[in-house]
Every structure is written in C-alpha cells, then in structure tokens.
1. Can you name every residue in segment 22-57 that is hydroxyl-bearing (Ser, Thr, Tyr) and either under 16 Å from LYS96 (Cα atoms) or touching a His at 6+ places or on another chain (Cβ under 8 Å) (or both)?
2. Consider VAL81 against the criteria (1) free of Cβ contacts under 8 Å to residues at least 12 places away in the same chain; (2) within 13 Å of the chain's Cα centre (by Cα): it satisfies all of them except one. Which criterion is unmet?
Amino acid sequence: MAHRPKPARPAATRSVTGNGLSAPLAHIESLIDGGGQIMIGTMKPIVGSAVAHDGRKTLAMLKRKPGETVDQLLHRLDAAVAAANTTGTRVDEINKPKSDIRYEL
C-alpha cells in the first residue's frame, strides 16, 4: 500500500500569548483585555452581526454569511481585528456605501 501524504492544513490565524502558547481568538482576547469589546448577535435590523470596538473606534462590523457558524464568524472577527491593528484597515460589511442609513457604535 502506497503512502499518501496528508494535505497541508491552512495556517491558523493565532497569535502567541505572553506565556508562549498559541491561543485561538488571541486578537479578540487582547482587544477585550485592553478595554475594548465585541458584540455578537442581532443588532436590529441586522441578524447575525459581529462588531469589535477598541474603546475609541469601531475596528470591524461583520455580517454572518449564509451557513456560517458562530465559530467561523468569531474567527473572521479575530482576523479583522488583527488587520485593523496591524494595517489600519477596517472591515465594514454592515453599512452600504450608497445608503443614507449608517449603523455606528
């Protein structure tokens, strides 16, 4: 029987914590430890939203995709927080560019 190599697993978006261990959702944990907050759930009229705020500005506003689990949404939020902290890029899937309605925290 021939040996087949296992397919490569995609790299997880995890950071190293102060104790040297990798932690899932480390960017969200750091945000909360720094006085920020996240909100997950229904923020009418948006069902299935995830928002991260650092205490001064909103870093990410995500809308849950069809079939997306809460765990997947949290990992996307963690990656969006990481991007906001490293590049200044903010993700906004809630506000539509051509809409007069804005949802802000």
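Readers should treat all values here as calculations from the given coordinates under stated rules, not as data from a laboratory. Given the structure is predicted, the values throughout are model-derived calculations rather than measurements. Here the Cβ positions follow ideal geometry from the backbone for every residue, glycine too, while neighbour counts run over all protein chains shown.
1. Residues of segment 22-57 hydroxyl-bearing (Ser, Thr, Tyr): 22, 30, 42, 49.
Correct list: SER49 only.
2. With respect to (1) free of Cβ contacts under 8 Å to residues at least 12 places away in the same chain; (2) within 13 Å of the chain's Cα centre (by Cα), VAL81 is out only on (1).
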